[in-house]
Structures are given as C-alpha cells and as structure tokens.
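Remarks on the structure that follows.
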Amino acid sequence: MDPVDLFEYQGKQYFARFGIPISRGGVADTVDQALAQAEDSGYPVVVKAQVKVGGRGKAGGVKLAANADEVRTHAGAILGLDIKGHVVKRLWIEHASDIAREYYASFTLDRSAKKHLGMLSAEGGVEIEEVAVTNPEAIALLHIDPVDGLSLEAARQWVERANLDEVARDQAAALLVKLYTCYTEGDCDLAEINPLILTPDDKVHALDAKVTLDENAAYRHPEWEEFEGSDVEDERETRAKERGLNYIGLDGTVGIIANGAGLAMSTLDVVNQCGGSAANFLDIGGGANADVMAAALEVINSDPAVRSIFVNIFGGITRVDEVANGVLEALDRVSISSPIVLRLDGTNAPAGRKILADHLSDRLVAEPTMLDAARRAVALAGGAS
Ligand code: GDP
Ligand code: MN
C-alpha cells in the first residue's frame, strides 16, 4: 500500500503522543477560527499553511502575528494561497517561539544497509538536501540496528558528534530517543523535524513535523483512521484523474507529456540533467490522439508553475503522423499559455515532421532529439535553476 504523508499539524499531534515537545496550538479553517485559536495559543503566534509540500516558509505560507489584526491579515492571505500547486485549506496556529538555534533531525529506513538511518545536524532550518550538497560533514549520520534500537547513551554521543550546542545536548538526546520510538512503534517511513529548535531560555522542541506513515502497518493502528479523508488532493491531479490521465504533480516549471511510463521517467531525468525541473509526470499511454493530447495539454496548462511544455513522443503502434495531427487538433481546441517543444520520433516520423513544418513558430518548436528538446524546454522555462 501507499505511504501516507501527514500534514504538519497531524505530525505534531503524532509526535505529542510520544512525548516530543511541540508548541501550543490548533487548526483553523477560517479567519475567525484562526483568531480564536490565536487567543487560545497566546500571542505572538505563527500562522502556518497546512499543505503537504516543503518550503512553505519561503512561499509565504508561514507568518508571525503579534496581535489579532496581524492574524486576520495573514490568515486571510494564506487561506487559498497556492503553494506549488497545493491550495491552502487549513491553517495551524501556534504560540510563536523565540529561536536561538535551528537543528535538523530525522529517521528513515536505509534499505541497502537494512538498518534505520538517523540524520542529525546543527545546521537546520534550511532544506537538508541543500546542507547535504554544500556542507555534507555538517550532517551526523547514525545507522541503527532495529534489534538494538537507540539507547540514550548512543543518542548522547550522536548529539555531541553533530555539534549541537552544549546546553541543548541532554534534551536533544532524550528527544531523539522519543522520536526514534515514534518512528519505530509509530510505524513511520519518515519522521523528520526541521527545524528542531533551541530557544534562548535553553528549551529544545519541534517547530515543524514531517511524518510519513507506513500504510502496511495500518492494521495495527486503528487510530490512524482520523488521518484518512483529511487529505486535500493536488488540484492538478484531480483534474488529470477526471480526464483519465496517468499524472503526478511535481514542483518544477517544465510540463511533461510523454507516451509510456519509461519514456516519461527518462524525460524527467533528462530535464533534470539539463538543469531544469519537471512540473509533472504524465504518461499518455498508447493513444496519443487529439482527445488525449488536448486533455493532457489542458491539465498542464492549468498549472500556474509551468513555463514551458515538453512533448516527448516515441511512435510505435501510435504513428508519429497521427500524433502530429493530434497535437495540431488539440492546439486548435485549447489555447496554451506556455511555449511547446516537440520531440517526435519513431514510426512515420518524417511524415509527422512534414505535417508540423508549416505550424512551427517560437510558441511551437520541434527538436530532433530528446536532449535537444530538453535543453530547449529548460531554456524556455527560464534556464537552469
Ligand atoms: P517549512 O518552510 O515548510 O519547512 O515550514 P517550517 O515550519 O519549517 O517554518 C519555516 C521557518 O519559519 C522556520 O525554519 C523558522 O525559521 C520560521 N518559524 C516557524 N515557526 C516559528 C516560530 O515559532 N518562531 C519564529 N521566530 N520563527 C518560526
Ligand atoms: Mn520545515
């Protein structure tokens, strides 16, 4: 079964069951509820967008509010905000913390080592992928044999190795043991705290929560039921599902249409290689006719993050001339706001190119190879990121 990602507020409530300290707070679906919750949490508060995507802070989805007026302003602005294709329907309001230091802590499974993997860093707050690239030695890894578990003593050595501030070490070690218990007994695939903070008055606690539950363990967690149905789906995915498309929303700017899951995946890789990032995975399967193409273009066109569209079709049973006609017919029906780069190859490719020849422009570009097309699409999306 699929893993289940929790919202931050659910992750924090899950943490709290295992004794991990979090800030006082609650959820709000309206501005009025946000005001009531702020009173309850105590000013100043933080107003936080509840969407299952990282980087909410940078996207304007996390705001401090010193009083009711500020809560009204921020809650009003964040509700309905689109964060990387996720529309905010719910807020978490909590008492604001003063921050002296931001750390990072997580547990996941390292399948190749057949062990659990703890990651701990004194350089938290920022995205850990960034730290892993710019300053990998700032992340202290700890492999944990599931049979042995994590002792307080081992956790103490770990926080020392990670260079956490001395005043934070005892509390951090105790918290990590609790986080490990949450991860194992709570059947998580991932339990991550970023940032784990040290306050100016020397308290360590979780300011964010990213939890993925292991669906295979659902049978022993009847309490997980409350997490079901609370999901607000990616609107792009809903639209795609309505049109019968095999679509997964991603965070980038290059919209992708390909035929076959394998080709769609390599298309994502090549776009990445060229320094770009895909806005989605979309496999239109065998039938690249006008209907399917129009539906695919519509879904991608409705994604405000998309800056260019890369159509990568390898004609097999579906002939390239049919695909070319399909693309032109689709473009007659839907008006597309981003430039389209086509790479059409395979059965009847010359005939397909001929059909397109008169229609090419700076809004509809054809490239001979997948790599050329990826480069072009990335350039049109604003260049390498
Ligand atoms: P993310 O951007 O989606 O990871 O959301 P976070 O919950 O991690 O919040 C982003 C950033 O907002 C944190 O790294 C903090 O710097 C800041 N922040 C969040 N809560 C508080 C708070 O209670 N007090 C202060 N001063 N900053 C906060
Ligand atoms: Mn965070």
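The values are calculated or read from the model by the stated rules, or taken from the named source; none is laboratory data. This is a predicted model, so every value here is computed, not measured. With ideal geometry, Cβ positions are generated from the backbone for all residues, glycine too; neighbour counts draw on all protein chains shown. Accessible surface is based on the protein model in full, side chains and every heavy atom, while ligands, DNA and RNA are left aside. Shrake-Rupley method; radii C 1.70, N 1.55, O 1.52, S 1.80 Å.
Is it the case, given these coordinates, that Lys52 is open to solvent by 50 Å² or more (accessible area, probe 1.4 Å), closer than 30 Å to Ile144 by Cα and under 20 Å from the mean Cα position of the chain (by Cα)? Against the criterion (open to solvent by 50 Å² or more (accessible area, probe 1.4 Å), closer than 30 Å to Ile144 by Cα and under 20 Å from the mean Cα position of the chain (by Cα)), Lys52 qualifies. If the condition is being within 11 Å of ligand 1 (Cβ to nearest atom), part of a loop (DSSP other than H, G, I, E, B), farther than 15 Å from Pro304 by Cβ and touching a helix residue (DSSP H, G or I) at 6+ places or on another chain (Cβ under 9 Å), then the stretch 53-96 contributes Arg56, Gly61, Ala96. Whether any residue in the stretch 88-95 is of a type in the set (A, V, I, L, M, F, W, C) and open to solvent by 20 Å² or more (accessible area, probe 1.4 Å) is what I want to check. Looking for residues that are of a type in the set (A, V, I, L, M, F, W, C) and open to solvent by 20 Å² or more (accessible area, probe 1.4 Å), one finds none in the stretch 88-95, hence no.
I want to confirm something. Restricting to the stretch 9-49 and keeping residues that are open to solvent by 10 Å² or more (accessible area, probe 1.4 Å) and of a type in the set (D, E, K, R), which single residue is farthest from Leu175 (Cα to Cα)? Going through the qualifying residues, I end up with Asp32.
Could you please find all residues in the stretch 144-171 being under 16 Å from Ser121 (Cβ atoms) and under 27 Å from the mean Cα position of the chain (by Cα)?
Ala162
Residue pairs whose Cβ atoms lie under 7 Å apart, sitting 6 or more positions apart in sequence or on different chains, and linking a residue in the stretch 140-155 that is under 19 Å from Tyr104 (Cα atoms) to a partner that is in a loop (DSSP other than H, G, I, E, B), are Ala140/Ala162; His143/Ala113; Ile144/Leu150. Please indicate, with yes or no, whether at least one residue in the stretch 245-252 is assigned to a strand (DSSP E or B) and open to solvent by 40 Å² or more (accessible area, probe 1.4 Å). Yes.
The number of residues in the stretch 259-288 being polar (S, T, N, Q), part of a loop (DSSP other than H, G, I, E, B) and surrounded by fewer than 17 Cβ atoms within 10 Å (Cβ to Cβ) comes to 0.
Could you look through the stretch 225-275, keep only residues that are among the aliphatic types (A, V, I, L, M) and within 17 Å of the chain's Cα centre (by Cα), and pick out the one that is farthest from Gly316 (Cα to Cα)?
Val232
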